[in-house]
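Quick notes on the structure that follows.
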Amino acid sequence: MSIRAEKVASVVRQELGVIISRECNGSGEYGFATVTETRMTPDLRTARVFVSIMGDAEKRERTLQYIESQKGHYRSLIGGRLKLRFTPVLEFFHDTSLDNAMHIEALIKKIHQDEGRSE
């Protein structure tokens with residue numbers, strides 16, 4: 001990613017992080033959502049936004065659906081903060097890296113426990 005694309009991605013990530021946490025977090029209806037990463041296309045017209053969502057599977061799905069339904073609103077909110085000719089189209093993805101890390105950690109703990117029993 002170019003330096004300009006990285007700067008734009010950083011601004012988009014920061015702005016969306018504040019907006020999404022203000023709208024989703026704290027209400028019991030949605031899971032705790034955090035913007036973990038944003039990647040811009042080379043032409044800066046599309047932002048791929050990765051969101052980590054804590055909670056059960058139902059809350060995660062509901063939260064991601066809500067965020068998807070609000071992407072036009074989010075785009076208009078961040079449009080004023082970006083110094084670009086075009087405000088990027090927002091694409092949201094569930095970031096599963098934290099879930100994967102927790103699963104791997106649990107497997108490692110289980111292996112260590114099994115090794116302790118066999119000795």
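Can you pull out the residues in segment 18-58 that are loosely packed, with under 14 Cβ neighbours inside 10 Å and either within 15 Å of Thr96 (Cβ to Cβ) or among the small types (Gly, Ala, Ser) (or both)? Scanning segment 18-58 gives Gly26, Ser27, Gly28, Asp56, Ala57. When segment 84-103 is limited to residues that are of a type in the set (D, E, K, R) and more than 19 Å from Ile67 (Cα to Cα), the one that is surrounded by the most Cβ atoms within 10 Å (Cβ to Cβ) turns out to be Asp99.
Of the residues Ile20, Ile104, Ile78, Ile108, which is in contact with a strand residue (DSSP E or B) (Cβ under 7 Å, 6 or more places away or on another chain) and assigned to a helix (DSSP H, G or I)?
Exactly one of Ile20, Ile104, Ile78, Ile108 is in contact with a strand residue (DSSP E or B) (Cβ under 7 Å, 6 or more places away or on another chain) and assigned to a helix (DSSP H, G or I), namely Ile20.
Cβ-Cβ distances below 9 Å connect the following pairs, each with a first residue in segment 14-43 that is aromatic (Phe, Trp, Tyr), a second residue that is part of a strand (DSSP E or B), and a separation of six or more residues or different chains: Tyr30/Ile53; Phe32/Ser52; Phe32/Ile53; Phe32/Met54. You will find that of Ala106, Ala57, the residue that is more than 21 Å from Ala33 (Cβ to Cβ) and not polar (S, T, N, Q) is Ala106 and no other. Would you mind stating whether Glu15 is under 15 Å from the mean Cα position of the chain (by Cα), over 23 Å from Asp99 (Cβ atoms), acidic (Asp, Glu) and not in a strand (DSSP E or B)? When the stated conditions are applied, Glu15 passes them.
Taken together, the values in this text are just the output of simple stated rules run on the coordinates, not laboratory data. Source: prediction; values computed, not measured. Cβ: placed from backbone, ideal geometry, glycine included. Neighbour counts: every protein chain shown.
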